[in-house]
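Engineer: This is the structure, below, for whatever I ask next.
Every read-out reported here was derived from the displayed coordinates using simple, explicitly stated rules and does not represent laboratory data. Nothing here was measured: the structure is a model prediction, and the numbers come from that model. Cβ sites come from the backbone with ideal geometry, for glycine too, and all protein chains shown count toward neighbours.
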Amino acid sequence: MSSTTTPSPVQTANPRYLWNEIVRWTFEACILRKEGREAKVAPLLQERLPELIRAWSSRCGLPAAACREQLTSLFSRVQESVELGFMQQRMIVNEVCARLGEQPKGARWPIPAQALGLRREVAIDNVSDMLDALGEAEFESMGEAILPVRRATQLPRELFAPEAEPSAAEAALA
Amino acid sequence: MKTAINKSASKGGSAREEGRSSATETIYVGLDWGTNTSCLMSAAQASAETTVSLQEKIPTVVGYAAENVLNRVLPGDAKVLFGQEALAHKLYLSIVRPLQGGVIHDLPSARLFAQHLRDRLKAGDREVRAVIGMPASSDLAARENARKAVQGVFDKIIFVPEPFLAALGYRDDARVSEGKYQDPVANSLYIDIGAGSTDVCLVQGHYPTADDQLSEPFAGDAVDQIILDGILAAYPDCGLTPARVRDIKEQHSFVLAKDAATPAVATVMVGGKVKKLDVTDQVGAGCEALLQKVFEMTRELIARADADSVSELLQNIIVTGGGSLIKGFGVALQTKLLEEGFENPRVRVLGENYKDYVARGALKAARQAKDRHWQNLLG
């Protein structure tokens, strides 16, 4: 049975592909965490990323210490980029909202068609904080309609593995 | 011109003690603006935390008088009637329901209905601040429509998702410190079955985040449609309207085994003759479909809860909303959960007063909101 099982992409892929997947899913986890979607972050941090990291570490040919250093640097740079993306989104949304506020009545606002959900936990007896969190969620929801944060966030190109012609063996594996 | 808040009205002030309200005192309103029925509660700003000066349930209907109605047929020869009065005179009115699926569907009638609510307050020139419950699934467009409907009616508003308000309203703050009191917001699963959507959310000491709630556009209206389709398939010429189907459902809805002693028999007019139709199977099918949907949503949300919290959570499954009034719903859901393998689940149904909890929660929220939270609707 096991001899006929198809290996997963993680088991077969080349290190460049694996590295780029790590970049991509780290980015996704950071965005989801900023959006307060912890339930979606957990499987990424507990399953997908560890599996990718294990596979990449065993194939990249670097010593363990260098792997750790490269990963640590990646995590902090992706976090910085996401923080910057959210800041840019907030600035742009503020600007757009201010300009729309100056428009004559009847001007259309971009309205996202999605339900509103809190993006952080607020204790039940703290009504004031709940209302603040609702306001934040509404603003962020509006922000996503004006400029989705995944578009506002530019990951530096150098974070990704450089493009190179794969060897015949790598091409076969990929 | 409406006046600003009376900043001098302080708790324990003489106006409160004497039960009077000054002309400049702000009125707080908690509103559950429901598709079928709205619940309104109000209190003066300076009143004690537990004081509710007005509490009313009003069918959410607006009736426009037909052009040729004879004098003195309608009370005060009114051109527009609301709520129970509109339903009582529906023969002479064109009835409009301003909301559909929990959100504003007809803006002009919604504005008239909102003005009627304000009139019920007898607020005069006093400032009125309203916290209004919205379905958890409502988007910004729905809130924008609701805002337009109450602009110029209320002075300041806040929209809050209904499950938040139900949890807040259901909690008895005076008893929280009692050892025996089971705090309904400590670790509970709320199921709110409205007209347009069913919302299920985890409330574990904090307000539900986006991940703690599920919302499906399958609720009372969908049940009505299933019943109507079933009846029309069996009795094609019965001429039933959606409004009549809703009446039938409200009288006869059930889940679990059919109760042979009380079959659902609907009286309808066919070709000008009164006929009695047995619609037990059709009503049962609609209610069963809702039960199955609620069960699936409940199961999914339990799976999302922290494993350590599940056994306590299963003891506090709370069903609210119009759908909770289906006969046997709580027991049937409990049975399905038990059959699925959940250990000792306990489902509580809030019953007829479910609307009060949202309005009471809204009034609580109004009292605790800071100035920065209120959206100003003047101008």
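Engineer: Give me the net charge for the shell around A:LEU44: Cβ to Cβ below 14 angstrom, other residues only, Lys and Arg +1, Asp and Glu -1.
Structural biologist: With Lys, Arg at +1 and Asp, Glu at -1, the net is -1.
Engineer: Here's a follow-up. Quick check on the protein assembly as shown: helices-only [θ] at 222 nm, where DSSP H runs of length 4 and up contribute -39,500 (n - 2.57) each and the sum goes over total residues. Nearest 500, please.
Structural biologist: The per-residue figure over the protein assembly as shown is -13500 deg cm²/dmol.
Engineer: State the percent of C-alpha pairs, over all pairs in chain B, separated by a distance greater than 31 angstrom. Display every interim value, and only then the final one.
Structural biologist: Working: 30103 of 71631 pairs.
The calculated P(r) of chain B puts 42 percent of pairs beyond 31 Å.
Engineer: Dipole of the protein assembly as shown (Lys/Arg Cβ +1, Asp/Glu Cβ -1, origin at the Cα centre): which of B:LEU314, A:ALA123, B:PHE295 lies farthest to the positive side?
Structural biologist: Farthest towards the positive pole: A:ALA123.
Engineer: So if I take the alpha carbon set of the protein assembly as shown, get Rg, then get Rh from the Kirkwood formula, what is the Rg over Rh ratio? Intermediate values should be presented prior to the final figure.
Structural biologist: Values: Rg = 28.0 Å, Rh = 26.9 Å.
In the protein assembly as shown, Rg relative to Rh is 1.04.
Engineer: Could you let me know the centre-to-centre spacing of the stretch B:97-175 and the stretch B:184-223, using Cα atoms, in angstrom?
Structural biologist: Each part's Cα centre sits 19 Å from the other's.
Engineer: Count the DSSP beta bridges whose two residues both fall in the protein assembly as shown, then state the antiparallel fraction as a percent rounded to the nearest 5.
Structural biologist: Taking every DSSP beta bridge with both residues in the protein assembly as shown, the antiparallel ones total about 65 percent.
Engineer: With springs connecting C-alpha atoms under 10 Å apart, model chain B as a Gaussian network and identify which of B:VAL29, B:VAL268, B:VAL255 has the largest mean-square fluctuation.
Structural biologist: So, out of B:VAL29, B:VAL268, B:VAL255, the one fluctuating most is B:VAL268.
Engineer: Given Cα pairs under 8 Å that are at least 6 residues apart, what percent is the relative contact order of the stretch B:220-285?
Structural biologist: 35 percent
Engineer: Here's a follow-up. Could you give each residue of the stretch A:146-159 its phi-based ³J(HN,Hα) in whole Hz, using Karplus coefficients 6.51, -1.76, 1.60 with θ = phi - 60°, and x for Gly or Pro?
Structural biologist: 7, 8, x, 5, 5, 8, 6, 9, 9, 7, x, 4, 5, 5
Engineer: Then there is this: Exposure proxy check: B:TRP33, A:TRP56 ranked by fewest other beta carbons within 10 Å? Can you show the working numbers first?
Structural biologist: Working: B:TRP33 31, A:TRP56 25.
The fewest-first ordering by Cβ neighbours comes to A:TRP56, B:TRP33.
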